[in-house]
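Okay, structure first, notes after.
The values are calculated or read from the model by the stated rules, or taken from the named source; none is laboratory data. Please read these numbers as outputs of a predicted model, since none were measured by experiment. Ideal geometry is used to build each Cβ from the backbone, glycine not excepted, and the neighbour counts take in all protein chains shown.
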Amino acid sequence: MARTPNEYAVYLLLESGHREEVRFPTIQEFQKWYSGELVPKSASNDFISVPIKNIQGEYMVVRPSRIVAIRVEPVFSSSVERFN
């Protein structure tokens, strides 16, 4: 029986060498943001909003043309890292 992730950690690797982590509750929500916001503006230097749903009062904007890689990692509530 396959386990179902509780959320997805998405790591945006930026041209400057920085790495930002954003959490999405489902892979479908990530795919919706990715295909609706990021892909259409991928060559743009204009800022786009990155949803940060689990942190109140905080937001992030990024230039899509400066994202060089994206890593998506499923997170399970039973993961050892959650308790560190």
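For the condition without any contact (Cβ under 8 Å) to a residue 40 or more places away in the chain and either assigned to a loop (DSSP other than H, G, I, E, B) or of a type in the set (Val, Ile, Thr) (or both), what is the one hit in 77, 35, 44? If you could, list the steps in order and put the result at the bottom.
Values: 77 fails: without any contact (Cβ under 8 Å) to a residue 40 or more places away in the chain; 35 fails: either assigned to a loop (DSSP other than H, G, I, E, B) or of a type in the set (Val, Ile, Thr) (or both).
Unique residue meeting the criteria: 44.
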query = When you go through (1) over 20 Å from residue 7 (Cα atoms); (2) in a loop (DSSP other than H, G, I, E, B) one by one for residue 61, which number turns out not to apply?
reply = (2)
query = Being over 25 Å from residue 2 (Cβ atoms) and either touching a strand residue (DSSP E or B) at 6+ places or on another chain (Cβ under 8 Å) or at pLDDT below 90 (or both), is that true of even one residue in region 18-29?
reply = yes
